[in-house]
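Chemist: One structure, as structure tokens, below. Some questions next.
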Amino acid sequence: MTFRPLPPRMRQIPARKQAILSILDIGASKIVCLIARLTPMEPSTSLRGRTHRCKILGIGHQRSNGVKGGAIVDLQAAEHATRLAIDAAERMAGVEVGGVIVNMSGGLLSSQRFNAKVALRGKTVSEHDIHRVLEAASAATTQPGRTVMHGLPTAFWLDATRDVRDPKGMIGEDLGVDLHVASCELAAARNLMLVIERCHLRVEAMVATPYAAGLSTLVDDEAELGSAVIDFGGGTTTVGVFSGGRLIHVDAVAVGGIHVTRDIARGLNVSMTDAERLKTLYGACIASPSDDRESIAVHRLGDDMDHPTHLPKSELIRIIRPRVEEILELVRDRLQASGHAAHVGRRLVMTGGACQLTGLPELVRSIISSQARIGRPLGIEGLPESGKSPSFAAAVGLMIYPQMAGLEYFEPSRHASRQAYEGEGYASRVGRWLKESF
């Protein structure tokens, strides 16, 4: 059984081509639609992988509904919230959305590594040889009920020479490759695509949330030397490990910011709305000497709204901290179990709305790594101040992804290719080639 990715594969946008791009960030707490114009630009020294300048034309922001733990749990509610976000972005940009790039946070994101080797017999490595070894590495089995999202060659080797970036034109006896495959649950991907299709849109690509967050927040040296991106979402906390400029590992834990809000609601006997307000205004992970003296007004369920209860702020922090520590310890243990902790080089970048909790960076430094920072979207024009926060890192990364799609490998079988293009005439094939190339 070979890799058969359900999400469509996206070709890299040509360096000379201008395009209008639409993305959807569907999370457990918010749904964001961004419409941007991509225009070719000269190579950047700080963000070397980017070939286009992104300028935001329209933004749609809607409270999420029907999404839990990164997966769709109410199709109609999720569709309605998605439609509202898309409509707001279309009105602001003055364009109609036809297809979108969407992220995946749920579906139990995980990684597998495969390798393969082909014989060269002392010949020069050609494009065909690279294709052969990648095809051999991708011809592997996957677990039932899962689908491939990304297939990234992380390293080539030529005989005894390891970590060859581009073997084309080199001479050797054997050519090998390491292939990183990121996958998710098939049912979760299908339901996410179904929500978008019910909005009369096509899915152009599906991107793992930590991959998108890393594309928008990591500078070149961080991605090259090794870093981990931790995206603290509402329903899930996802992790992406980068090394050598490539994504080499993804993982996720089904605990996020909403679980902190629920703990507050249960612990203080307040509504979810009030719990979210208390977390945003007064929440913190680390106690301070003034917390016992500072009081907060709490409207308990069933009490008179005109007479709130006053509690010390320290009681709120005692509820928040254990849950945040649990999330960080789960992430730490997953990184260590993956065997990629050494690639991280003790560099952590935190993104997602939940990472803005007061004191979280200090807690991360004490539990996981001493080198941790908040990651914000880099190199994007037209973002309002609210859009420059870590909560928009994944959404902005989805706009950068088409510039990096060429790093991935997926070659469908010849039989699948014939089915896809069956009925196309010569003129339509030429038109498709021109559209994709220019």
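The values are calculated or read from the model by the stated rules, or taken from the named source; none is laboratory data. These numbers were taken from a predicted model, which means no experiment stands behind them. Here Cβ is always computed from backbone atoms with ideal geometry, including for glycine, and neighbour counts include all displayed protein chains. What goes into the accessible areas is simple: the full protein's heavy atoms, side chains included, and nothing from ligands, DNA or RNA. Shrake-Rupley method; radii C 1.70, N 1.55, O 1.52, S 1.80 Å.
Chemist: Which members of the stretch 278-329 meet the condition of being open to solvent by 80 Å² or more (accessible area, probe 1.4 Å) and over 25 Å from V364 (Cα atoms)?
Modeler: Matches in the stretch 278-329: R293, L301, G302, D304, M305, D306, H307, H310.
Chemist: State which residue is most open to solvent (accessible area, probe 1.4 Å) when the search covers only the stretch 342-352 and only residues that are at pLDDT below 75 and aliphatic (A, V, I, L, M).
Modeler: Among them, the one singled out is A342.
Chemist: Which one of R91, R16, R37, R11 is open to solvent by 50 Å² or more (accessible area, probe 1.4 Å), of a type in the set (D, E, K, R) and assigned to a strand (DSSP E or B)? Step through it out loud before you land on a result.
Modeler: Numbers: R91 fails: assigned to a strand (DSSP E or B); R16 fails: assigned to a strand (DSSP E or B); R11 fails: assigned to a strand (DSSP E or B).
The unique qualifying residue is R37.
Chemist: Given the conditions (1) surrounded by 23 or more Cβ atoms within 10 Å (Cβ to Cβ); (2) part of a helix (DSSP H, G or I), report the number of the one that P361 does not fulfil.
Modeler: (1)
Chemist: Could I ask something else about it? Based on what the data block shows, is R334 closer than 20 Å to R266 by Cα, of a type outside the set (A, V, I, L, M, F, W, C), open to solvent by 70 Å² or more (accessible area, probe 1.4 Å) and part of a helix (DSSP H, G or I)?
Modeler: Numbers: closer than 20 Å to R266 by Cα: no; of a type outside the set (A, V, I, L, M, F, W, C): yes; open to solvent by 70 Å² or more (accessible area, probe 1.4 Å): yes; part of a helix (DSSP H, G or I): yes.
Considered against the rule, which asks whether it is closer than 20 Å to R266 by Cα, of a type outside the set (A, V, I, L, M, F, W, C), open to solvent by 70 Å² or more (accessible area, probe 1.4 Å) and part of a helix (DSSP H, G or I), R334 comes out as no.
Chemist: Can you list the strands (runs of 3 or more DSSP E) lying wholly within the stretch 153-216 that have 2 or more residues being touching a residue at least 60 places away in the same chain (Cβ under 8 Å), open to solvent by less than 10 Å² (accessible area, probe 1.4 Å) and not hydrophobic (A, V, I, L, M, F, W, C)?
Modeler: 174-185
Chemist: What do you reckon, is G107 touching a helix residue (DSSP H, G or I) at 6+ places or on another chain (Cβ under 7 Å), open to solvent by 20 Å² or more (accessible area, probe 1.4 Å) and on the phi > 0 side of the Ramachandran plot?
Modeler: So G107 does not fit the description; no.
Residue-wise test of (1) open to solvent by 30 Å² or more (accessible area, probe 1.4 Å); (2) part of a helix (DSSP H, G or I); (3) of a type in the set (S, T, N, Q).
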residue	(1), (2), (3)
I248	no, no, no
I258	yes, yes, no
T261	no, yes, yes
G267	yes, yes, no
A275	no, yes, no
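Chemist: Sticking with this one: I need the full set of residues from the stretch 217-239 which are aliphatic (A, V, I, L, M) and assigned to a helix (DSSP H, G or I), in order please.
Modeler: Across the stretch 217-239, the qualifying residues are A223, L225.
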